Protein chains: 2
Amino acid sequence: MSTPTIHSDALAQKLADSGLRNTPQRELVYDALLTKRDHPTADEVYARVKTQLPGISLATVYNCLETLVQCNLVRVVNFERAPTRYCPHLHPHAHFHDESTGATHDIELPDQLLAAIKAVLPSGYSADAVEITFRGKLPSPR
Amino acid sequence: MSTPTIHSDALAQKLADSGLRNTPQRELVYDALLTKRDHPTADEVYARVKTQLPGISLATVYNCLETLVQCNLVRVVNFERAPTRYCPHLHPHAHFHDESTGATHDIELPDQLLAAIKAVLPSGYSADAVEITFRGKLPSPR
DNA sequence: AACAATAGTTAGAATTATTCCAATTTAGAC
DNA sequence: GTCTAAATTGGAATAATTCTAACTATTGTT
């Protein structure tokens, strides 16, 4: 048989780069994301892929998505499902999430920058809130 | 007895403005957030408040936090616990979450703006990733 | 080609954060 | 003081995700 999905070449390449195997499940999951680019949830991807591969399991969909993220083919929108956190600091500000410690630090945002950020919205869009989160590792404390 | 917590006045005021009652639980929850500003989870707040009011329930902590958010005294950091979404669009971009429909749209970010955003980090900080999410309602479609 | 070693998939159980619900308690209005 | 609505409580329910152990497929080796 020929390639079962549309974008298998790029995927196969990236997988090989990471020393991972190409599988029909991975192809179909990636294809589902590329075919309808509406930021689906794992469950939605599961539903779509199932029409083509009825035997696939939800666990596999999660595994494949994780693999695609690790190969830099896919990004996660609501980063790592961590418990919601609460902040009594109301002045608009960003957060820096330190991946070494798990701590979250406030980062001040100049009003000017905030205005510039809101200005990128196409006309017709208006945002009630903007959430800006940096992720990275802080150098070990002095 | 006098006021059991430190910041009860501002809280009482805001609650009154919203037609809500002041309760010891709400005071203690708010106080926990103000006393240690480390963006705690609901569970962490629960643990802290429990030392002062052992009978409080986790459900009440969730309720109080929700109330404080509604009074504009507290902000949520990882907005609404929704399923993680996946995006095959790798070019740096922001997301607009339309609260009317639940849909998520890509928003392009000029490189220049992205650079300006990264520039607000204090020295010593370096971000592997920046997540920018707008939330709002889109006008009904034409 | 057979065969081990490894990687991937599967179903279902387990976990975790959160919400819901029905019953009880509390606070403010009269 | 009593009534009514609001708030709290404990426990059950839900939902997203992760874990586990068994099975399957693929690769490299002989």
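The values are calculated or read from the model by the stated rules, or taken from the named source; none is laboratory data. As the structure is a prediction and not an experimental result, all values here were calculated from the model. Note that each Cβ is placed from the backbone with ideal geometry, even for glycine, and that neighbours are counted across all protein chains shown. The area values use the complete protein model at the heavy-atom level, side chains included, leaving out ligands, DNA and RNA. Shrake-Rupley method; radii C 1.70, N 1.55, O 1.52, S 1.80 Å.
Here are some notes:
- When chain A is turned onto chain B, the axis of that turn runs closest to one Cβ of chain A, and that residue with its distance in whole Å is A:132, 3.
- The Kirkwood hydrodynamic radius of region B:93-136, based on inverse pair distances between different Cα atoms, is 11.8 Å.
- The modelled label-to-label distance between residue B:12 and residue B:100, using points 7 Å beyond Cα along the C-beta direction, is 4.3 nm.
- For the pair residue A:21 and residue B:128, a Förster radius of 22 Å applied to the C-beta separation gives a FRET efficiency near 0.25, rounded to the nearest 0.05.
- In the assembled protein chains, residue A:75 presents an accessible area of approximately 70 Å² (probe radius 1.4 Å).
- Here the extension length gained between residue A:59 and residue A:36 equals 6.2 nm, from 0.36 nm per residue of separation less the Cα-Cα distance.
- Here is the size of region B:8-70 from its Cα atoms: Rg then Dmax, 10.9, 29 Å.
- Nearest-first distances (nm) between copies at residue B:124, label 7 Å from Cα via Cβ: 4.6
- Extension gain from residue A:43 to residue A:138, taking 0.36 nm per residue of separation minus the Cα-Cα distance: 30.8 nm
- Accessible area per residue was computed with a 1.4 Å probe on protein heavy atoms; residue A:36 scores about 110 Å².
- Extent along principal axes [Cα atoms of chain A; Å; largest to smallest]: 59, 46, 26
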